[in-house]
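Beneath this line is the structure, given in structure tokens, with notes to follow.
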Amino acid sequence: MTTQIKICGLSTPETMDAAIDAGATHVGLVHYEKSPRHVALEDAAKLRRRVPKGVKLVLVTVAMQPQYLARCYEALRPDVIQFHGSETPEWMALVRKTIETETWRAVGLREAATLERARQFADSSDLLLFDAPAKSLPGGNGVSFQWDLLQGWEPFMPWALAGGLTPENVGEAIAITGAPLVDASSGLETAPGEKSVDLIRAFCEAVKAA
């Protein structure tokens, strides 16, 4: 089975085009002002128009207020809304009832017990995105976690792997976890928020080789 690829934190036409041309199945836009990858809504709408059918646009949000989330959805029509904050299963379930889109839930994976606790999101999200535990930012900190926590885990729903993935380590990460989808952001940058076209291409090639 081919591993799917999400390139997250894109902010320029050049890097968006590079991700799509390199074979990304998902492209992510971060709309969270504290992040160095934050994209204003007007700019995000321009980038959205570059995404062809067959590639899914993921809008990454953090504890966004309901009315503003609805505004963002209307402006971007994302294929996926990724929740990366303190959103509860009840809040996410409400979003699913009112907005027709996929919902992903990011979960900081610190210990094996977290895998069972994540079951609370099974009815309110379409996919679990396992990331390193939050630090100064909810995600995009360039830190990986112990991938062997996922060895032998029997998934109860679709899932993906994030957290410090780079062209150099993604092959090992896939080999250890069997991740069906990998998500990279800060590991493809030359500076916080500045994606490298070369690193995006190298990452996609490394995933395909794995």
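Summary table
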item: Estimated FRET transfer efficiency (Asn169, Glu194; beta-carbon r; R0 25 Å; 0.05); result: 0.80
item: Given (i) 1, 6, 12, 15, 14, 12, 10, 8, 6, 4, 3, 2, 2, 1, 1, 1, 0, 0, 0, 0, 0; (ii) 1, 7, 17, 21, 22, 17, 10, 4, 0; (iii) 1, 7, 14, 17, 17, 16, 13, 9, 4, 1, 0, the label whose value is P(r) over Cα pairs in 5 Å bins from 0, in percent derived from this model; result: (ii)
item: Dipole moment magnitude, nearest 20 debye, the chain about Cα centre, only Lys, Arg, Asp, Glu C-beta charged; result: 440 debye
item: The range 93-210 shape via C-alpha gyration tensor axes, a/c threshold 1.5; result: prolate
item: Estimated [θ] at 222 nm from DSSP helical runs (n ≥ 4, -39500 (n - 2.57)) normalised by residues in the chain, nearest 500; result: -9000 deg cm²/dmol
item: Percent accessible area from carbon and sulfur atoms, the chain, protein chains only, probe 1.4 Å; result: 49 percent
item: Cα gyration tensor shape for the range 21-111, rounded if a/c is under 1.5, else prolate or oblate; result: rounded
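The values are calculated or read from the model by the stated rules, or taken from the named source; none is laboratory data. Here the structure is a predicted model, which means the values were calculated and not measured. For neighbour counting, all protein chains shown are included, and Cβ atoms are generated from backbone atoms with ideal geometry for every residue, glycine included. Note: areas computed on protein heavy atoms with side chains; ligands, DNA, RNA excluded. Shrake-Rupley method; radii C 1.70, N 1.55, O 1.52, S 1.80 Å.
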